[in-house]
């Protein structure tokens, strides 16, 4: 796996502001802090990023966002009405979010709500994300020497994937930020799920062997990466669950299916 593959995955994690749900229309369409990361400088300094460049391979990587958006929420690009956290006419209101499976509704309001609405919201959130949250990235993963160090780039990626959500909650002293939706108009999928999916797809669409030269200039005889989706299932699941006579039988059956699925996924993840 090349450094460009990992850069594509890091872009996927940070292509949306992680605080997107708290923005109003003035700041929602921007990016997170990926342009300020040392590892992304080779893309940023040449203007070769998926959301800026029209290059063929970068356009292919950009598809990751569209595919992920279609998978974790409805296609609502034509819906022009916006829904904001703490809207102008009712700034004391938070945002009504919906459970993805049950449809249960919850009024979500962050602990620092008053601080958010008392000044310029965009400036407040940009300060939080582009400076304070960026500062939580381990310093050794922001050293200029990281640009071509695959080991450190991988460490940075895994830190962003695993630790950034908790770092965001810690910054606001509010674990409810784990519930931030990716889209306020249909708030039933979290921003963390969306960027994780986008990152996985971005890596697949970039390909393991993507080079810096291909980022800068795509040759006509080069082939774009075409990811594949592997689907597997255990059966008969219904019969296994239905045969439970006690709650502990039901729990054990569910746990067993989860365990087997996790083992298979772990093997595939280690191999690919």
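In percent, what relative contact order does region 3-229 have, based on Cα pairs under 8 Å that are 6 or more apart in sequence? That works out to 36 percent. In plain terms, the residue of 228, 259, 85 with the fewest other Cβ atoms within 10 Å comes first and the most crowded comes last, giving 228, 259, 85. Region 183-219 and region 1-76 have Cα centres spaced 7 Å apart.
Per-residue ellipticity at 222 nm from helix content only, as computed over the chain with -39500 (n - 2.57) for each DSSP H run of at least four residues, stands at -13500 deg cm²/dmol. With each label modelled as a point 7 angstrom along the Cα→C-beta vector, the residue 149-residue 249 pair spans 5.7 nm.
By the compact-protein rule of thumb, 2.2 N^0.38 Å, the alpha-carbon radius of gyration of region 174-272 corresponds to a ratio of 1.60.
The stretch between residue 127 and residue 102, if pulled fully straight at 0.36 nm per residue, gains 5.5 nm over its current Cα-Cα span. Between residue 142 and residue 259, the simple label model (points 7 Å from Cα in the Cβ direction) yields a spacing of 4.3 nm.
Would you mind computing, in nm to one decimal, how far apart the modelled labels at residue 26 and residue 41 are, each placed 7 Å from Cα along Cα→Cβ? Here the answer is 3.2 nm between the modelled labels. Extension gain for residue 170 to residue 271 (0.36 nm times residue separation, less C-alpha to C-alpha distance): 33.0 nm. The eigenvalues of the Cα gyration tensor, multiplied by 5 and square-rooted, give region 231-272 an equivalent ellipsoid with semi-axes of 25, 11, 4 Å from largest to smallest.
The residue 163 and residue 241 beta-carbon pair, evaluated with R₀ = 35 Å, returns a calculated FRET efficiency of approximately 0.50. Binning all Cα-Cα separations of the chain at 5 Å, short to long from zero, yields these whole-percent fractions: 1, 5, 11, 14, 16, 15, 13, 10, 7, 5, 2, 1, 0.
Taking the inverse of the mean reciprocal distance over all distinct Cα pairs, the Kirkwood hydrodynamic radius of region 14-172 comes to 17.8 Å.
Values in this text are rule-based calculations from the coordinates and carry no lab data. Keep in mind that what you see is a predicted model, and the values were worked out from it rather than measured. Cβ: placed from backbone, ideal geometry, glycine included. Neighbour counts: every protein chain shown.
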